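Laboratory data are not the source of any read-out in this text; all were calculated from the coordinates shown. Because the structure is predicted, anything quoted here is derived from the model rather than measured. Cβ: placed from backbone, ideal geometry, glycine included. Neighbour counts: every protein chain shown.
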Amino acid sequence: MKTCNPPLLAAVVTFSSLFAPLSQASIAYVSNEKDNTLSLIDLDTLEVVETIDVGQRPRGITFNKDFSKLYICASDDDTVQVMDTGSHRIIGELPSGEDPEQFALHPDDRHLYIANEDDALVTVVDAERSTVIAQIDVGVEPEGMAVSPRGDLAINTSETTSMLHWIDTRTHEVVHNTRVEQRPRHVEFTRDGSRFWASSEIGGSVVVVDVDSRQVIKTLRFQIRGVHPDKVQPVGVKLTDDGKYAFVALGPANHVAVVDARTFEVLDYLLVGRRVWHMAFNPQQTLLLTTNGVSGDISVIDVDAMKVTRSVKVGRYPWGVAVKP
Amino acid sequence: MQQKGQSTASAKGSVLLCLLSCAILLFAPWSAAENAALRVQVGYLELLEEQPPLLSNVLPEPRDRGLQGARLGIADNNAGGRFLGQQFELLNFRSDSPNALIERLDQWVSAGVSVVVANLPAPLLSDLAQRYSTEQLLLFNAGSADNALRSQQCLANVLHTLPSRAMLTDALGQWLTQKKLRRWLVVEGARPADQEYVQSLQRTAQRYGSKIVARKRWRFDSDLRRSAQREVPLFTQAGDYDAVVVADELGDFGEFLLYNTWLPRPVVGTQGLTPVAWHRVVEQWGAAQLQRRFDRQAGRWMSSVDYAAWAAVRSVGEAVAAVGQTDAGTLRQHLLSDGFQLGGFKGRKLSYRPWNGQLRQPIALVHPRALVSQSPQEGFLHPQNELDTLGFDRPESQCQDLLAGARR
């Protein structure tokens, strides 16, 4: 077997380099919740280059480490689909539990932590063997899911119970709970895993939590001129790798807040499309893309200029976004 | 044990170990519940009333309207409560006898129950409320839309999770204003509830500068199912109007007005385009999940009264989680304060008006298969909270500051 492989591999490489001269450009994958499709955006030209049919109600999407696979929560099919990013074919399905909404891949590149919104469960799946390893009881409507870069801790948010559930990734037990304001939606760890940021959509706040002390060290609130405070509803959070900035998507307020991640000062509010939820950087972190559900488009933020430079029309109700270099 | 043979002891030991661990596994959830630091009993009281015969009776009303909402609220509370050592339990009593309800409530209160969800008509609710102080009992009104409860009666120990009629008609009035449909033909039933709906419409028309060009009372005793196409056009001749507004709360004749009016105008109100607290067509703002949970539990659609009962029980859950107490006075204090917020699947945080205890909430405008709009409509402004453009705002209500009342 081993002797057969290298020439075959070489053939494949030659083949793909011949016929895909544009493959250098990063591609953003956007899940369209109400179209059951993914829109693929070329980040050089900022144009939709392909639309792919996937399972029903695609929401959370994430790549494996080498970007060869894309995991897709097909919520209404009660499964996580595995797409081969070379061929764009669905090559498998993972047993995800019912109504998977968001998930996070453990740094081991193997274990997926999936929030089952309808079942008040977090399901841990071994993506290699396609088996369920554990199901963990959490609060009502689990949604946000993140695994620490350190690998020892997973955080799940339950929307109706308004809690952050701390899950020990070795024992798969809830070891701690943090009550936050109404409808926590999303969790994002800092690069070193020492802190995480968690948004509360209806509460209108974002908390920054210190992992070792398990204490909330900051509660952020947002104020936009001309927008009623109740309509400022934080969902997605993204942190730059250099530790300088945090971006917070403010839902129906149609703005993304730019926060100094060291002082926690809100620096600016950038106007984007309608009902902004999730975000992703390009690999160089010079661009930030936001999914705008109601306007059905993606806003492109130039991170250096801190300006919104483009919007790109995608399918109906864009939900999640992930970028492949 | 130690004196017995070596081999059997080790075998027995492993069996015992297994038994022990199995027992721990089996009883862990049970003992956690048993050891719950805080057990909260929530009562649910409903007066079962006989429905009069109705013309449009094709789709019967469910018999457990309200109760199923309270049950779901308890389930939701417990799902979070187990992480906080809090356990919620529903006590349920439904009867066609007001006296039996009063008796049961007395028993509950003497047994230490401090929170009760009431699905009762206004007079009975008012009677019950006045038997207890704010420290003894906190009642949630999930069954009566009565305007006087929110504007004149000001029961200090009652919070209202069901919208008042005024909130519903204001929600409708804002939409009609937005659409520039300002001249209304009101078609009303003769029942007291229909008349209260009309009074509420009159108040709304005045607020938004709309005009009721004519009021027509439905008096026909024929079977409309056969003759609506002939009768209704004649009945709805009343000069020019922009919309037909129906006041027929029980659904006797209203359904037959649609597509049969003399002028081709939209039918709105208790039929046609209807303002409601909740309906199956609401699916935004995460509502799809609530709808699915309810459907799974009850096997039917969630109604406005179910929603009001759910919101009441969930309010208790949030308040107990926040203050760690279960007595009526402390819960009420927290629920009426600025610190309270409830995620209610309506796109905004919900809170209670401190002057009359009404739960602020957006109102959905629906037809049977779709959500048409949600009020407050854009452009209806308010200095504090746009949700207070619906129903009785502080200056319009004779009720003033329930918290101050409690301290007295």
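What shape does chain B have by the C-alpha gyration tensor, where a ≥ b ≥ c are the square roots of the eigenvalues, rounded means a/c under 1.5, and otherwise prolate means a/b greater than b/c and oblate the rest? Judged from the Cα gyration tensor, chain B comes out prolate (a/c at least 1.5, a/b above b/c). Working note: Karplus 6.51/-1.76/1.60 with θ = phi - 60° gives the stretch B:265-282 the couplings 10, x, 9, 9, x, 6, 10, x, 7, 10, x, 9, 6, 7, 7, 4, 6, 6 Hz, where Gly and Pro are set to x.
Per residue of B:341-348, other chain Cβ atoms within 10 Å of the residue Cβ number 6 on average. Taking every residue in B:75-83 and counting other chain Cβ atoms within 10 Å of its Cβ, the average works out to 6. Once the Cα atoms are used to define both axes, helix B:165-178 deviates from the longest principal axis of chain B by about 60 degrees.
Working note: Karplus 6.51/-1.76/1.60 with θ = phi - 60° gives the stretch B:198-211 the couplings 5, 4, 5, 4, 4, 4, 5, 4, 5, 4, 9, x, 9, 10 Hz, where Gly and Pro are set to x. For A:Ser205, the residues 5 or more places off, or on other chains, whose built amide H falls under 5 Å of its own are A:Ser200.
Within the listed set B:Leu172, B:Leu48, B:Leu390, the Gaussian network model of chain B (springs between alpha-carbon atoms below 10 Å) gives the highest mean-square fluctuation for B:Leu48. Each stretch of four or more DSSP H residues adds -39500 (n - 2.57); spread over every residue of chain B, this sum gives -12000 deg cm²/dmol at 222 nm. Using the rule -39500 (n - 2.57) for each DSSP H run of four or more residues, divided by the residues of chain A, the 222 nm mean residue ellipticity is -1500 deg cm²/dmol. Annotation for the stretch B:119-214: trypsin sites (Lys or Arg not before Pro) lying in DSSP loop with at most 11 further Cβ atoms inside 10 Å of their Cβ are B:Lys180. Projecting the Cα atoms of B:Ser144, A:Gln24, B:Tyr197 onto the charge dipole of the protein assembly as shown (Cβ charges, centred on the Cα centre) puts B:Tyr197 farthest toward the positive pole. Proximity of backbone amide H atoms, modeled 1.01 Å from N, is registered between A:Gly273 and A:Ser299 at under 5 Å, excluding neighbours fewer than 5 places apart on the same chain. Karplus-derived 3J(HN,Hα) values for the stretch B:390-397, using 6.51 cos²θ - 1.76 cosθ + 1.60 with θ = phi - 60°, are 9, x, 8, 6, 3, x, 8, 9 Hz; glycine and proline are entered as x. Residues whose amide H falls under 5 Å from that of A:Met163, counting only those 5 or more places apart or on a different chain, are A:Ser158, A:Val180, with hydrogens built in the peptide plane. Take each residue in B:319-327, count the other chain C-beta atoms within 10 Å of its C-beta, and the mean is 1. Between B:Arg353, B:Arg104, B:Arg230, the Gaussian network model of chain B with springs among Cα atoms under 10 angstrom shows the greatest mean-square fluctuation at B:Arg230.
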